[in-house]
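Working notes, beginning with the structure itself.
Computed from the coordinates by the stated procedures, all read-outs in this text should not be read as laboratory data. Computed from a predicted structure; not experimentally measured. Cβ coordinates were reconstructed from backbone atoms using ideal geometry, including for glycine residues, and neighbour counts include every protein chain displayed.
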Amino acid sequence: MTPVATADLCAGPAGVPGIRQSLERNRLRGNGRLYAGLRWGGAAVFGVVFVALVVTLLQESAADLGHMGISILWRGWRPAVGEYGAGVFIVGTLLTTAVALALAIPVGLGTSLLLAELAPRWLAAPLQAMVEFLAAVPSIVVGLWGLIILNPLFARDVEPFLKHVPVLDALFHGPPLGASILLASVVLAIMILPTIVALSRLSMAGVPLADREAGMALAATRWQVARRVVVPGARRGIRAAVTLAMGRAMGEAIAVTMVVGNNTALPHSLLSPGSTLGSAIVNSFSEALPGTLQKSGVVALVVVLLAISVVVNAGGQLLMRARTPPVPPRGPAGGGGASGNPPAPADSEIRL
Amino acid sequence: MTTVPSALGPPVTASWRRELVRQQARRRLERRRRLGRVCTTLCVGALCLSLAPLVSLVFYIVARGLPALSLGFLVHTPTPEGIPGNGIGNSIVGTVIVVGLAMVMAVPVGLAAALFVVERPGKLSGVVRFVADVLTGTPSIAIGVFAYALLVLTIGYSGLAGSFALAVLMLPIMVRANEEAMSTVPLDLWEAGLALGSRRPRVVRSVVLRTALPGIVTGNLLAMARAIGETAPLIFTIFGSQFYVFRPTSPMSAMPLTIYDNATQLYPSAQQTAWGTAFVLLALVIVASVLARSWAGYLNRKARVR
């Protein structure tokens with residue numbers, strides 16, 4: 001650079017954007033204030049939407065919440081007598097979610113353990129893609145399948161069969177109608193399965209290789225490493241996966257509406273048609289005229305559902321963030337469960 | 001081999017004990033292996049149970065949906081029960097318009113909010129992130145009712161209200177995906193850009209957004225794929241329509257709504273319409289998901305060539 005050029009740079013003659021000029025221009029443009037405003041605007045819109053969601057729903061449901069008070073949590077849904085409580089639906093939601101989890105957790109954990117640990121990689125990758133494809137299927141399509149394919153199958157074969165299983169039949173009273181709490185639970189289990197598999201497989205894959213090697217060095221078999229090293233190491237991730245799946249099962253509305261039977265009485269067995277919060281909202285919303293106490297009651301159901309799912313999801317997120325404990329509490333190669341290590345021989349000269 | 005101790009009590013030698021322990025270990029290993037085999041078989045069973053619904057689902061959608069498909073089905077409007085020439089053209093157009101408008105609303109806000117989180121690591125952005133995570137799990141039916149209370153009660157049933165609901169649904173997913181993509185941009189690149197004397201917006205535009213573009217595209221398109229299939233936010237907002245509607249301020253139809261309305265009717269022809277629509281909807285979702293990944297791959301390759 002020649003001295004002239006340096007001078008130019010400072011003076012900033014016409015045509016060449018010098019530092020002074022560009023600083024000047026920067027100042028005129030507000031020092032990137034527009035950009036900062038954009039960022040703040042994005043965050044603000046986001047926050048406003050969230051606040052508006054809560055405020056609007058509370059406002060619309062205020063009439064019913066004021067009418068029922070806290071008893072909304074256990075009173076039934078009887079529009080004829082002006083009682084708009086969420087009790088039956090909360091029971092239905094908890095019941096379907098619990099059964100769905102009972103079905104999906106063992107299957108999901110077995111699948112993810114197989115995909116993460118036991119299957120060869122060339123096989124695991126496509127299988128995993130298939131399981132996760134299930135997550136992409138819209139819930140309405142799963143609902144359609146449940147309604148037209150599973151419903152007759154359950155009414156004809158599955159539910160009569162369950163009524164004859166010795167111990168379990170206590171759970172399955174009543175006529176086999178197809179549409180029932182049970183069918184809704186099965187459909188929910190199918191819908192939350194990919195969530196459980198994907199998230200728990202992810203946390204299993206995150207268990208350090210060194211932990212596995214330590215297990216193998218102690219002569220643990222492949223299964224023992226999976227069961228006693230990988231699963232304990234991924235425990236928090238699995239718990240988070242289950243919690244998030246639970247949130248999804250509770251919030252699902254459309255598919256459940258199509259298969260749950262939509263009965264507003266308290267379910268007395270898994271075979272009886274019932275209602276969940278979601279399905280009750282779908283069914284009652286269009287029936288209720290705007291401005292009535294009933295409409296407000298439906299929105300109150302939404303508020304209850306939202307409250308439950310926010311608690312569950314926040315719990316799941318906190319679990320996801322929490323640090324995984326560094327060392328699993330038990331040694332990996334303890335022998336097959338109860339058999340334990342053989343007591344050390346008294347004779348000190350014996351070595352293996 | 002050492003002998004087994006007799007009733008007289010043999011001499012307890014070191015070598016005998018060693019052999020005993022070895023035998024025990026061998027037996028135990030056999031037992032452990034057997035346990036492993038049994039449990040692995042159980043896991044394979046679990047995998048089959050996870051795949052069975054998927055296989056059945058895909059089978060029925062193809063077997064029942066494909067016969068319903070024809071060019072007329074894709075372009076015609078619905079006919080009354082029993083009259084041939086039924087179609088879902090209006091629902092396809094409705095889905096495209098409603099989801100497109102939702103993208104127009106959600107994408108810029110999602111980008112700006114993600115930049116906010118990335119640029120100002122602190123308590124406030126932590127709050128934004130946590131709210132996004134919790135909102136991702138919000139029941140979509142609640143979002144539908146929210147859009148109803150906010151928009152339908154003021155401007156009436158309209159495609160716009162549905163778009164708003166879908167935008168609210170997608171926003172948290174987009175914020176998190178964008179943020180994740182942007183946070184993979186190395187700090188060095190930011191600093192290099194700033195060291196060149198570029199102003200911040202310029203660095204963000206030319207360095208950060210460009211580097212993070214594949215991740216951003218994937219995240220936003222996956223959010224879109226999810227929105228395409230959502231029924232609950234639309235059911236109280238867009239109302240449905242039997243005709244081609246191009247004005248977003250009037251009631252419109254969309255594919256999930258068409259499935260819901262037809263599936264709950266008993267006529268075989270209505271169910272066939274539902275299956276056919278489900279086929280088209282699933283195809284659209286798959287195209288969107290595949291596009292999400294392959295477009296990102298294309299952008300990645302392009303970036304590497306440069």
Determine the pairs where a residue that is in contact (Cβ under 8 Å) with a residue 60 or more places away in the chain, located within region A:62-78, has a partner that is surrounded by 19 or more Cβ atoms within 10 Å (Cβ to Cβ) and among the basic types (Lys, Arg) with Cβ atoms under 9 Å apart, the partner being 6 or more residues away or on another chain.
A:Ala63/A:Lys295; A:Asp64/A:Lys295
Among the residues of region B:239-268, what is the count of those that are part of a helix (DSSP H, G or I) and buried (at least 16 other Cβ atoms within 10 Å of the Cβ)?
9
Starting from region B:229-251, take each residue that is more than 10 Å from chain A (Cβ to nearest Cβ) and list its partners that are surrounded by fewer than 20 Cβ atoms within 10 Å (Cβ to Cβ) and of a type in the set (Asp, Glu), counting only C-beta distances under 7 angstrom and pairs at least six apart or across chains.
B:Gly240/B:Asp261
Complete set of residues in region A:255-302 that are out of contact with any Leu (no Cβ under 8 Å at 6 or more places or on another chain) and surrounded by 24 or more Cβ atoms within 10 Å (Cβ to Cβ):
A:Thr257, A:Ser275, A:Thr276, A:Ser279, A:Val282, A:Gly297, A:Val298
Just need a number here: residues in region B:117-153 that are within 11 Å of chain A (Cβ to nearest Cβ) and more than 23 Å from the chain's Cα centre (by Cα).
13
Test each condition in (1) touching a Phe, Trp or Tyr at 6+ places or on another chain (Cβ under 7 Å); (2) over 30 Å from B:Leu222 (Cα atoms); (3) without any contact (Cβ under 8 Å) to a residue 24 or more places away in the chain for A:Pro160 and report the one that comes out false.
(1)
Scope region B:182-200; condition surrounded by 17 or more Cβ atoms within 10 Å (Cβ to Cβ) and assigned to a helix (DSSP H, G or I); matching residues:
B:Met182, B:Trp190, B:Gly193, B:Arg200
I'm trying to understand the selection: among the residues of region B:258-278, which are of a type in the set (Phe, Trp, Tyr) and in contact with a Lys or Arg (Cβ under 8 Å, 6 or more places away or on another chain)?
B:Trp275
Members of region B:12-27 that are within 7 Å of another protein chain (Cβ to nearest Cβ), surrounded by fewer than 16 Cβ atoms within 10 Å (Cβ to Cβ) and of a type outside the set (A, V, I, L, M, F, W, C)
B:Gln24
Test B:Ala288 against the criterion of being within 11 Å of another protein chain (Cβ to nearest Cβ) and either within 22 Å of the chain's Cα centre (by Cα) or over 24 Å from B:Ala165 (Cα atoms) (or both), and give yes or no.
yes
Among the residues of region A:40-84 satisfying the criterion of being among the aromatic types (Phe, Trp, Tyr) and buried (at least 20 other Cβ atoms within 10 Å of the Cβ), which is farthest from the other protein chains (Cβ to nearest Cβ)?
A:Trp77
Among the numbered criteria (1) within 14 Å of chain A (Cβ to nearest Cβ); (2) not in a helix (DSSP H, G or I), which single criterion is violated by B:Leu282?
(2)
Of B:Glu19, B:Glu30, which residue is assigned to a helix (DSSP H, G or I) and within 26 Å of A:Ala226 (Cα to Cα)?
B:Glu30
